[in-house]
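No lab work stands behind these numbers, since they all come straight from the coordinates. Not measured: the values here are computed from a predicted model. Positions of Cβ are backbone-derived with ideal geometry, glycine not excepted, and every protein chain shown enters the neighbour counts.
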């Protein structure tokens, strides 16, 4: 089996092991998140044994993933998270069969939106997808999640993020 792996899978599951019969891939930014001794040792051994490889998404796909994240209102995704989402998009476009392993609910949300197969390592999988909008609590005006506005253009009140479930 071929797995795209997020650092959350390794960091959250203290019993995680790279299985030599499988192949794993991740991005360099995700590898940099392996900072504790246990996960760093696991990752280095997997790289040395060629069980884990590092790949980078295309720049165009990374930009697309960034735009998608902004459009859906996920402002708290990290650069490593974006690189993983973009790599998943690239692998899917190439027709590769893989499973994304992550405990990060935001990444799982995008995997669900993009119809990318995923599994959780420890925390479980999301049951609903969410997006965000920005709304004014005073007058009710709604803006797209990608809006950079901080104050309502109609009444001047402070805008708030609003979660939308699907």
Based only on Cα atoms, what mean projected area does the convex hull of segment 66-112 have, in nm²? 3.3
Enter the angle in degrees (range 0 to 90, nearest 10) between the Cα long axis of helix 79-93 and the first principal axis of the Cα atoms of the chain, meaning the one along which they spread out most. 70
Against the longest principal axis of the chain, how steep is helix 59-72, in degrees 0 to 90 to the nearest 10, with axes from Cα atoms? 40
Stokes-Einstein at 4 °C, 1.567 mPa s, Kirkwood radius from Cα pairs: D for segment 1-114 in µm² s⁻¹? 91
Hey, what angle do you get for helix 37-48 against the long axis of the chain, alpha-carbon based, 0 to 90 degrees rounded to 10? 60
Take each of the peptides 80-87, 101-108, 138-145, average the number of other beta-carbon atoms within 10 Å over its residues, and list them starting from the highest. 80-87, 101-108, 138-145
Expressed as a rounded percentage, what relative contact order does the chain have, with Cα pairs under 8 Å and six or more residues apart? 22
